[in-house]
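Undergrad: First, the structure itself, so that you have it in front of you.
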Amino acid sequence: MQVEQYVMAYGIEQDRIRAIIPEGFVSLRPVLRINAEIQDNSNGYLEFNTPVEKDGNRGWLNIGYWNEVQFQKEGRTTTFQTDFIEISFTGVGIEGSCPA
């Protein structure tokens with residue numbers, strides 16, 4: 001599978017993170033990460049996650065994902081659109097693997 005990935009992170013209030021993560025998980029940072037992908041040049045995919053800890057294990061908790069997301073490319077900007085969000089990623093010349 002060929003994957004083109006876009007990543008964006010937002011600071012979010014700690015109480016809002018606590019409201020959406022399941023019981024037993026502890027938020028490590030008040031951050032919402034948005035991952036968007038174009039899979040095999042045809043399928044758009046979008047997910048939201050946040051860093052958590054549970055039972056001594058740390059990682060990213062996926063709090064929502066959507067398949068078959070509409071996307072459009074225009075120059076260096078790629079826009080993903082669902083019923084609830086439209087988000088655009090614009091290339092700035094930095095390319096490579098995700099540091100997260």
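Undergrad: Along its principal axes, what span do the Cα atoms of the range 8-53 show, with the longest given first and each in whole Å?
TA: Dimensions of the range 8-53 along the principal axes of its Cα atoms: 37, 20, 15 Å.
Undergrad: Also, quick follow-up: Among 5, 28, 17, whose Cα lies farthest out toward the positive end of the dipole of the range 3-90, if unit charges sit on the beta carbon of Lys, Arg (+1) and Asp, Glu (-1)?
TA: Highest projection toward the positive end goes to 28.
Undergrad: Turning to a different aspect of this structure: Could you give the size of the charge dipole of the chain about its Cα centre, using +1 on the Cβ of each K and R and -1 on the Cβ of each D and E, expressed in debye and rounded to the nearest 20?
TA: 320
Undergrad: Consider all pairwise Cα distances in the chain and report the whole-number % of them above 24 Å.
TA: Pairs farther apart than 24 Å: 29 percent.
Undergrad: Where the centre of each part is set by its Cα atoms, how far does the range 42-65 sit from the range 1-16, in angstrom?
TA: The two parts, judged by their Cα centres, are 9 Å apart.
Bear in mind that the values in this text are calculations on the coordinates, not laboratory data. In this text, all values refer to a predicted model and were calculated from it rather than measured experimentally. Using ideal geometry, Cβ is built from the backbone for each residue, glycine included, and neighbour counts are taken over all protein chains shown.
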